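Worksheet: one structure, shown below.
The values are calculated or read from the model by the stated rules, or taken from the named source; none is laboratory data. All values derive from a computational prediction rather than experimental measurement. Positions of Cβ are backbone-derived with ideal geometry, glycine not excepted, and every protein chain shown enters the neighbour counts.
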């Protein structure tokens, strides 16, 4: 269970991007976070694994308080949170297998990582996961030879290699065409229930969010103003979430992206 | 709402007209004054022409009689260049990481940058004079000189490449909990590898050229052979040496071009 309470993030001296935000995610739910650009979705996700340092508040994952960990503890704790990125963030010049195994870098020794001597158990697990998402035959190909959808599958497998307790996806489909985008969304939904894994997805495509999520969270100005089943998201709620001038929101929160 | 305007001019480089024309006038006055006051002595130029003619007529035809000396000198230069390139690259990689502002913390960054600036600020000939004084005549001084020269060039350009990397990959490695060294090797090294190989090949080529120059001040290699030939007025042998240098550089240029095309 992920329990975020009173989370605040302020860049510099401007207005906070996240304002005392509370959110709890548990079970194998797929939660979609929607909101206009600059609402703080990306910052929220990055504050969970502290790629962005929260200013105050608490992030608790299955009993571990993340905000007070020191550097070493944080590195160990990050292994428990998988993350998938909008631009995939694969290592283009390495093979798909190396990319997938890079999800284990928090577990294996630096020497094993440098010499690419991955444990047998990890290799077996990698082939299973790659088989599951349909990229096993690409194991020896360079990551930049793959198409967008295939690359995002590599990204997902890399995150799953961590055997994470939660999966964060920062606009995982925003760089993909509509059809591939739907494939990735349904893959994430299926994996959530297969692996009993809670998934939080930042997403701009509201139609997809409604179709694939168990729960929708709407953000505006760093606050959660909607949190309910997808069916409850009607026009009135949508207008409220996306109201205001995006440029004004951005001016207020500063550089988030 | 149309205002009916149909002309447009690019805004001038300096918007204030007084400042703009003032700058133009100042630059033209400076150029004219400089040329007018340059101490150009036409008699000496014509003297020089005659002397140059004597040297060139003495140089033809090139003399390859002492090709043993020539080959020895050239092989020594090649050894200096290879040794300096390997040593220079080995030192440049850690220095480049130190001097990349997106990877290192501030104090390390400043140390790295300072070392690179010092290595860059002296021409190889000056560095060679210092090393010849320090370790004596010969190829060792030459190799040390070119190591410094390589650091100044390779570490600087590599550091700039590191600063341009796609940081998303670093972010991804952080998110999986990878350690510092693993993050560098997985997220940074693959991105800078083509540049590193390219720089290494270019530097080998460049060190070969520079080794001829530093040899003149006593740092070994074919430069020393060339300086001796000039000193003894053996212009025909000097021309032979020069031709070999030019030929070697043409070959290395062609090879490095080919290799760099392959690794893109």
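Data overview
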read-out	value
Residue list for the range B:161-171, restricted to those being assigned to a helix (DSSP H, G or I), more than 7 Å from every other protein chain (Cβ to nearest Cβ) and either surrounded by 18 or more Cβ atoms within 10 Å (Cβ to Cβ) or free of Cβ contacts under 8 Å to residues at least 40 places away in the same chain (or both)	B:161, B:162, B:170
Yes/no for residue A:124 being without any contact (Cβ under 8 Å) to a residue 60 or more places away in the chain and over 18 Å from residue A:32 (Cα atoms)	yes
Condition check for residue B:226: modelled with pLDDT of 85 or more, part of a helix (DSSP H, G or I) and surrounded by 16 or more Cβ atoms within 10 Å (Cβ to Cβ)	yes
Qualifying residue in the range B:205-213 (condition: within 14 Å of another protein chain (Cβ to nearest Cβ) and in a helix (DSSP H, G or I))	no
Hits in the range A:116-127 - residues which are assigned to a helix (DSSP H, G or I) and either away from every other protein chain (no Cβ under 14 Å) or loosely packed, with under 13 Cβ neighbours inside 10 Å (or both)	A:120, A:121, A:123, A:124, A:125, A:127
Strands (runs of 3 or more DSSP E) wholly inside the range A:1-115 that include at least 2 residues being more than 18 Å from the chain's Cα centre (by Cα)	A:2-9, A:18-25, A:56-61
Residue satisfying condition, being within 18 Å of residue B:178 (Cα to Cα) and at the interface with another protein chain (Cβ under 9 Å from one of its Cβ atoms), within set A:69, A:105	A:105
Residue in the range A:128-145 that is outside any strand (DSSP E or B), in contact with a helix residue (DSSP H, G or I) (Cβ under 8 Å, 6 or more places away or on another chain), surrounded by 15 or more Cβ atoms within 10 Å (Cβ to Cβ) and within 10 Å of chain B (Cβ to nearest Cβ) present	yes
Unique residue being within 14 Å of another protein chain (Cβ to nearest Cβ), at pLDDT below 95, surrounded by 20 or more Cβ atoms within 10 Å (Cβ to Cβ) and part of a helix (DSSP H, G or I) when the list is B:195, B:174	B:174
Among (1) touching a helix residue (DSSP H, G or I) at 6+ places or on another chain (Cβ under 6 Å); (2) over 20 Å from residue B:85 (Cβ atoms); (3) facing chain A (nearest Cβ under 9 Å) - the single one residue B:225 does not satisfy	(3)
Flag for residue B:144 being in a helix (DSSP H, G or I), buried (at least 17 other Cβ atoms within 10 Å of the Cβ), away from chain A (no Cβ under 12 Å) and at pLDDT 90 or above	yes
Looking only at the range A:80-102, and only at residues there that are out of contact with any strand residue (DSSP E or B) (no Cβ under 9 Å at 6 or more places or on another chain), surrounded by fewer than 24 Cβ atoms within 10 Å (Cβ to Cβ) and under 19 Å from residue A:124 (Cβ atoms), the one that is farthest from the other protein chains (Cβ to nearest Cβ)	A:97
